[in-house]
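Before anything else, here's the structure in question.
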Amino acid sequence: MARKQEQRSEETKHSILQAAGQLFRERGYDAVTMREIAKAAGCSHTTIYIYFKDKEALLHQLSMAPLQDLFAEMQACLQDPSLPVDEKLFSTSWSFLRFCLKNRSMYALFFMTKSSRVDEKEPAMELQKLRNEMFGLLKEAVIAALPAPLTEEQAWAFARVYFFTLHGIIGTYAETEEPYEQLIERVGPTFELALRVSLAGCKQIAQEGDGSK
């Protein structure tokens, strides 16, 4: 009996997460209520709170595991001793792009929902801390590829500029239903060019000593 109850509990939790993910994708995080998620999951509006205290708990559960996997992949690219510094940056960038383009419907939820500044040292949410750590990897890769020395202000500026390129690529295709493989075959080389142009521009400005404000 206890085993069946445990199984039903896991099924209910899974149904709640599925319903939350779908509603967040379709309508956006802020527009969806816990009551609506419970109804879509086939449970009562009181039952849902047994499993998740609020929407932030659902956001955490839906986002943390995939983003932790992405973080580990980006970290592995950055630490690959076989790659030159520029290629470490591009490899790290492609890990991020692949993940986001394969999960386009969840991109806003994973990275934008309940977000705070990437330079915030102690964000309140564990999810935002992970996002900031991910941006930190990108910043580290950008700095390594640029002429030294850079001030901290310049480092943040160049990292943000490079991220704008990544975000622009993802944002351009966030609403398209074109399959990932087809999208990459069609415009993947343009994505690669955009990354290299962005880095080349940062290098040029860094060499001229004017990349901070």
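The values are calculated or read from the model by the stated rules, or taken from the named source; none is laboratory data. All values derive from a computational prediction rather than experimental measurement. Positions of Cβ are generated from backbone atoms using ideal geometry, with glycine treated the same way; all protein chains shown enter the neighbour counts.
Could you go through segment 88-104 and let me know if any residue there is among the hydroxyl-bearing types (S, T, Y) and more than 28 Å from Q204 (Cβ to Cβ).
There is no residue in segment 88-104 that is among the hydroxyl-bearing types (S, T, Y) and more than 28 Å from Q204 (Cβ to Cβ).
Here's a follow-up. Would you mention how many residues in segment 170-204 are of a type in the set (D, E) and modelled with pLDDT of 95 or more?
4
For segment 46-53, indicate whether the set of residues that are touching a residue at least 24 places away in the same chain (Cβ under 8 Å) and among the aliphatic types (A, V, I, L, M) is non-empty.
Checked against the condition, which is being touching a residue at least 24 places away in the same chain (Cβ under 8 Å) and among the aliphatic types (A, V, I, L, M), segment 46-53 yields at least one hit.
Can you work out which of the residues in segment 152-172 that are aliphatic (A, V, I, L, M) and within 17 Å of Q204 (Cβ to Cβ) is surrounded by the fewest Cβ atoms within 10 Å (Cβ to Cβ)?
Filtering segment 152-172 down to residues aliphatic (A, V, I, L, M) leaves 155, 157, 159, 161, 166, 169-170.
Next cut, within 17 Å of Q204 (Cβ to Cβ) only: 155, 157, 159, 161.
Working: A155: 19, A157: 18, A159: 22, V161: 16.
Result: V161.
Quick grid of which residues meet (1) free of Cβ contacts under 8 Å to residues at least 40 places away in the same chain; (2) closer than 24 Å to F111 by Cα:
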{"residue": "A145", "(1), (2)": "no, no"}
{"residue": "Q154", "(1), (2)": "no, yes"}
{"residue": "A157", "(1), (2)": "no, yes"}
{"residue": "F191", "(1), (2)": "no, yes"}
{"residue": "A194", "(1), (2)": "yes, yes"}
{"residue": "V197", "(1), (2)": "yes, no"}
{"residue": "G209", "(1), (2)": "yes, no"}
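Still on this structure, please answer the following. Among the residues of segment 112-134, write down those that are among the hydrophobic types (A, V, I, L, M, F, W, C) and either buried (at least 19 other Cβ atoms within 10 Å of the Cβ) or touching a residue at least 40 places away in the same chain (Cβ under 8 Å) (or both).
Going residue by residue through segment 112-134, those that are among the hydrophobic types (A, V, I, L, M, F, W, C) are 112, 118, 124-125, 127, 130, 134.
Correct list: V118, M125, L127, L130, M134.
Give the residues of segment 78-93 that are surrounded by 15 or more Cβ atoms within 10 Å (Cβ to Cβ) and of a type in the set (S, T, N, Q), sorted by residue number.
S91, T92, S93
So, L70, is that one in the same structural domain as F111 (by TED's automatic domain parsing), modelled with pLDDT of 95 or more and touching a Phe, Trp or Tyr at 6+ places or on another chain (Cβ under 8 Å) or not?
Here the answer is yes, as L70 does meet what is asked.
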